[in-house]
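Step one of this worksheet: look at the structure below.
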Amino acid sequence: MKVIGLTGGIASGKSTVASVFREMGAIILDADQIAREVVLPRQPAWEDIVERFGPQILNPDQSLNREELGKIVFNCSDCLQDLNRITHPHIMRYYKDALHQLSLEKPEAIVILEVPLLYETNMEKICRQVVVVWVDRETQVKRLMERENLSHAEAIKRIDSQMPLDEKARRADFVIDNRGGMVETKENAAIYYKEILQAV
């Protein structure tokens, strides 16, 4: 089994690249999706988050109001650290169990760990290679503002809560430049994945 890390920054285009890898046969373990599962109502992470941030971050159905929680944590570095401290152990346990199961069931698989905070959480250590989806800062800010309907200042706060994309690209084994159109990005992703298949 070959484990490849896929990361980047918020609004850099990781999901687009992941979709190409999935279409070409990879198994994708998406940290954002896993993070949503571990904070479902009455799960341990959910209970710790409510205890830390209060019931005002809940929707009427008791699910987390991600927008309200985001307003809190992206305006308070200590709050963001607390949220990560609560959720990351649960996410890591999920990954560990999933990778163990896949190694038994599909030992020839190519598994992509799509993780925004791959380097920040030292998960690159379990990856054969790391792919970074990169855009320049101006493009990243613009795309995030449009996607999340944020002000310029709000977008900057969210981007600055992560390791700079330039630093991630410097550490990467392979960089996919996503400043161009979606067609070009998908072509570059396909080229990389074909190289991985040839190297297996």
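A few points about this structure:
- Glu67-Asp177 pseudo-label distance in nm [points 7 Å out on the Cα-to-Cβ vector]: 3.7 nm
- Of the peptides 71-78, 84-91, the order by per-residue mean of other Cβ atoms within 10 Å, starting with the highest, comes out as 84-91, 71-78.
- In this rough spin-label picture, where each label sits 7 Å from Cα along the Cβ direction, the Lys2-Ile28 distance is 1.9 nm.
- Cα centroid of the stretch 82-119 to Cα centroid of the stretch 140-162, whole Å: 27 Å
- Of all DSSP-defined beta bridges confined to the chain, some 5% are antiparallel rather than parallel.
- Prolate/oblate/rounded call for the chain, Cα gyration tensor, a/c under 1.5 rounded: oblate
- Mean Cβ count within 10 Å, highest first, over the residues of peptides 122-134, 49-61: 122-134, 49-61
- Separation of the alpha carbons by more than 26 angstrom is noted, of Lys2/Lys96; Lys106/Lys168; Lys157/Lys186; Lys71/Lys96, for Lys106/Lys168; Lys157/Lys186; Lys71/Lys96.
- Length-normalised contact order of the stretch 2-199 in % [C-alpha pairs under 8 Å, at least 6 apart]: 39 percent
Bear in mind that the values in this text are calculations on the coordinates, not laboratory data. Quantities reported herein were computed from a predicted structural model and do not represent experimental measurements. In this analysis, Cβ positions are derived from the backbone assuming ideal geometry, glycine residues included, and neighbour counts consider all displayed protein chains.
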